[in-house]
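What follows is a short report on a single structure.
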Number of protein chains: 2
Amino acid sequence: MNRDRSKQRLKLKGLKKKANPNDLISLNYLKLQPTSSIHPDPAPVIHRRSSTDCIHRQSSTAAAHPRRYAQPLLESCFKNKALLSFMDAVKNLDAVDATTSFQVKSFFDSAPLLKDAESISRKLTQFIHQNASLTGSKGPRRVVCVTSGGTTVPLEQRCVRYIDNFSSGHRGATSTEYFLKSGYSVIFLYRRGTCQPYCRSLPDDPLLECFNLTSDSSIQVLESHAEAVKSAISGHHDVVSGGYLLKLPFTTIFEYLQILRLIATPMKILGPNAMFYLAAAVSDFYVPWESMAVHKIQSASGPLDMRLAQVPKMLLVLRKEWAPTAFCVSFKLETDKEILLEKADTALKKYKMHAVVANELSTRKEVVILVTESGKVSVYRENDLSVVESPLIKLLVEKHSTYIMDPNA
Amino acid sequence: MNRDRSKQRLKLKGLKKKANPNDLISLNYLKLQPTSSIHPDPAPVIHRRSSTDCIHRQSSTAAAHPRRYAQPLLESCFKNKALLSFMDAVKNLDAVDATTSFQVKSFFDSAPLLKDAESISRKLTQFIHQNASLTGSKGPRRVVCVTSGGTTVPLEQRCVRYIDNFSSGHRGATSTEYFLKSGYSVIFLYRRGTCQPYCRSLPDDPLLECFNLTSDSSIQVLESHAEAVKSAISGHHDVVSGGYLLKLPFTTIFEYLQILRLIATPMKILGPNAMFYLAAAVSDFYVPWESMAVHKIQSASGPLDMRLAQVPKMLLVLRKEWAPTAFCVSFKLETDKEILLEKADTALKKYKMHAVVANELSTRKEVVILVTESGKVSVYRENDLSVVESPLIKLLVEKHSTYIMDPNA
């Protein structure tokens, strides 16, 4: 980190003879966004543009008086820990790690406190220690953290509206089943209300659709759903009571990233036997908590303008700091297949993933492409009745085995 | 409608000697928003601002050359049916109805086609006709359309991200139970995955949490949940198979409003015996389908700017055009109690509702305020074990009875 910061200063020096924070601000001023931290009077990131004013008022004022605004920016950055705009200013200076670390710190500092953090940590430590002590024919038991479903981004502190990411959670739930079948223990970090392991053959509302009452008022499962209901209950019950599956729910991006960090810490003791399988659809953009409107945004008149900040790219932080010895698999979902593989390649290199699963929205149930340093492999489901997660997890387990043999290869 | 348009022209004449569409545009130019319809080259409403440019480019260009942009605007409005910006221009001209009608037309014209519209219509007609023929001791059977849960606003056509409205659907589901208990038949228009009638005492994941398998592999309900499970299954089954409850799911704002319109049409035959109880959390802002990014928005660099258009206020259209004889109840949810009653009053007058249920996010389960023309009544739940919907529905049924006796009072 220190090395990266010097690098950043060096780069600056190449551009300006004397580099100090003020120079940095003025140099990059035009790249700054007119958010609350620029203006001395904080304004929410979500705001309504005046109907008689086509020009962003803050930006035009700021553009006319860069110096007047630069100093308050610098001060408010450090006073309020609202470093995001500052980060915008330095992000092109080839100092990815310093920038990311700053952004990550800022994100966690401003995030609302995670409820039940202690109880979650206790469950995690117990689960991981218990599984770390198990050894099978193939060596120590492996543990995978499977993330599943989409994260939400609240738009108000007393949240009425939020941005959500489409994800049924089928990929994560199904993959969990195949990991368990392959002898892994699973920490299932899932979005509340999304698909659960062993439940994918059930209808949307299993209780109301699978059961009825007999004439003597006892509950009876409908014959058509009996097998699906039985396998859901027994499959689920076996792995939970056996201590092989730990389920942790999330809703917001703030909860997700805080729990993910909590998971990574005790998983370090597993060394290369740990895997992260990051199938959750994580928000790319968010409203920093401190810039968020407290109350419901009013809809009295005119359109709504929103400025969303980028969520720091946590994959690199996970890989480098939180879980440096684990085998890490991320996902890349696109709707445009033209850019899919290029984006997957970039993720592999930029975030140092061991594998990236590339999938296109419309065909994601039939085929995925596994991108690793050694190449790209298309993985198809065997037939219409099977699922693509079956061959995918088989392939990943093999790659994980190779990695365990020689993590530095 | 024609009368309102003349009124609008008249108003314009008062301001400018000769009123024609071009005058209207130039007169209101500064009130126009720089959306795609202003610029001859359509641009998506969601866009990334250039990091080197603090000023909205389109707006500054447009402001410098109003005439150059005015004509293409007018043309594109009528060519593309993208009337929203045009509506912004005329919205302060005291022509609420003409404006709303235009916005509504534009909304429905640009909405993606509703799947299963025919099948939904068929179900509705059958349900309403069947219930219209029933008469009890209190006269013809009443039918209420209860809307429940939040609508989503897609941000991309091949949707990965969307804006959602927080709503568990408890209010709608519980109210449905009390309407049924009061002898109403219910069309339950609900968001997929939200709370269902008779299921509010169940845990989040009833199948996995309420059942286990016996040693001989038969399914068994846990004693602790037996009553809740039985009353959910039997309560639900009785009203659905009896033909008193019709459930119709939605997800997006486009689906919700299209289905609501489909419901209103056949409900007209019920006259004042029909009620609309609009408890759904409906999006206030949306991205018009034709302005929406086709593919997933890329998150490569920098913050994201979004411009969301206002969803036309459909309450007035429902009340005046879709369901002119029905008893209409809307909801007003706020997080700030200071403005709650004022907003509820406005909704009552502006949208000609018969009653508005005002509720504050943090206390919504304990108390609501029923706002009608005759005053405001605070409605409390009786005790911690009861629900506020019980006295609320009782009061609304009384008000509905009075209305049926004299709809024009």
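The values are calculated or read from the model by the stated rules, or taken from the named source; none is laboratory data. Here the structure is a predicted model, which is why all the values come from computation and not from measurement. Cβ placement follows ideal geometry from the backbone for every residue including glycine, while neighbour counts extend to all protein chains displayed. All accessible areas refer to the heavy atoms of the entire protein, side chains included, with ligands and DNA or RNA removed. Shrake-Rupley method; radii C 1.70, N 1.55, O 1.52, S 1.80 Å.
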Open item on the list: Give me the base-10 log of I(q)/I(0) for the range A:189-268 at each q in 0.13, 0.18, 0.21 Å⁻¹, Debye formula, one uniform scatterer per Cα, rounded to two decimals.
Closed with: -0.57, -0.87, -1.02
Task: Proximal charge balance of B:Ala264 [Cβ under 12 Å; K/R count +1, D/E count -1] - done: +3
TODO: Just need log10 I(q)/I(0) for the range A:259-386 at q = 0.14, 0.17, 0.23 Å⁻¹, Debye formula, equal scatterers on the alpha-carbon atoms, no solvent, rounded to two decimals.
DONE: -0.77, -0.98, -1.33
Task: Cross-link reach list, aspartates and glutamates versus B:Lys230, counting only Cα pairs under 14 Å and skipping chain neighbours closer than eight places - done: A:Glu209, A:Asp216, B:Asp238
TODO: Using amide H atoms built 1.01 Å from N in the peptide plane, name the residues 5+ places from B:Gly183, or on other chains, whose amide H lies under 5 Å from its own.
DONE: none
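For the range B:215-260, report the translational diffusion coefficient in µm²/s to the nearest whole number, using Stokes-Einstein at 25 °C, 0.890 mPa s, and a Kirkwood Rh over Cα pairs.
On the way: Rh = 13.7 Å.
This corresponds to a translational diffusion coefficient of 179 µm²/s.
Could you compute Rg(Cα) / (2.2 N^0.38 Å) for the range B:117-173, with N its residue count? Intermediate values should be presented prior to the final figure.
Working: Rg = 17.3 Å, N = 57, 2.2 N^0.38 = 10.2 Å.
The value comes to 1.69.
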- [ ] Determine ³J(HN,Hα), in whole Hz, for all residues of the range A:281-287 in sequence, where each value follows from phi through the Karplus function 6.51 cos²θ - 1.76 cosθ + 1.60 and θ = phi - 60°; x replaces Gly and Pro.
- [x] 8, 8, 4, 8, 10, 8, 9
Open item on the list: Which three numbers, in whole Å and largest first, are the semi-axes of the equivalent ellipsoid of the range B:332-377 derived from its Cα gyration tensor as √(5λ)?
Closed with: 17, 11, 8
Task: Chains B and A together, accessible area buried on both sides, 1.4 angstrom probe, square angstrom - done: 6700 Å²
Task: Spin-label model distance (nm) - A:Thr265 vs B:Thr346, 7 Å beyond Cα toward Cβ - done: 4.6 nm
- [ ] Report the local net charge at B:Glu223: Lys and Arg +1, Asp and Glu -1, summed over other residues whose C-beta lies under 15 Å from its C-beta.
- [x] -1
- [ ] Would you be so kind as to identify which of A:Gly375, A:Thr363, A:Val287 lies farthest towards the positive end of the dipole of the range A:281-409, taking Lys and Arg as +1 and Asp and Glu as -1 on Cβ and the Cα centre as origin?
- [x] A:Val287
Task: 20 °C / 1.002 mPa s Stokes-Einstein diffusion coefficient of the range A:163-216, Kirkwood radius on C-alpha pairs, µm²/s - done: 164 µm²/s
Open item on the list: Using a 7 Å offset from Cα along the direction of the beta-carbon, what are the separations from B:Lys337 to the same position in each other copy, nm, ascending?
Closed with: 5.7
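What is the sum of charges around A:Leu213, taking Lys and Arg as +1, Asp and Glu as -1, for the other residues whose C-beta is under 12 Å from the C-beta of A:Leu213? It would help to have the intermediate numbers written out before the result.
Working: positive: B:Lys230; negative: A:Asp216, B:Asp238.
Charge balance in the 12 Å sphere: -1.
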Open item on the list: Using a 7 Å offset from Cα along the direction of the beta-carbon, what are the separations from B:His295 to the same position in each other copy, nm, ascending?
Closed with: 4.3
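Against the globular-protein guess of 2.2 N^0.38 Å, express the Cα radius of gyration of the range A:234-320 as a ratio, rounded to two decimals. Intermediate values should be presented prior to the final figure.
Working: Rg = 18.4 Å, N = 87, 2.2 N^0.38 = 12.0 Å.
The range A:234-320 yields a ratio of 1.53.
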Open item on the list: As I understand it, the dipole of the range A:179-317 uses +1 on the Cβ of Lys and Arg and -1 on the Cβ of Asp and Glu, about the Cα centre. Which of A:Gln196, A:Leu222, A:Leu270 lies farthest toward its positive end?
Closed with: A:Leu270
TODO: Put a label point 7 Å from Cα along the Cβ direction on A:Asp204, then list its distances to the equivalent points in the other copies in nm, shortest first.
DONE: 2.0
Open item on the list: On alpha carbon coordinates alone, what is the Rg over Rh value for the range A:134-227, Rh being the Kirkwood radius?
Closed with: 1.13
- [ ] Keeping every protein chain in place, order B:Thr135, B:Thr325 by accessible area at 1.4 Å, biggest value first, i.e. largest first.
- [x] B:Thr135, B:Thr325
Task: Charge dipole magnitude, Cβ of K and R +1, D and E -1 - the range A:306-409, Cα centre, debye nearest 20 - done: 440 debye
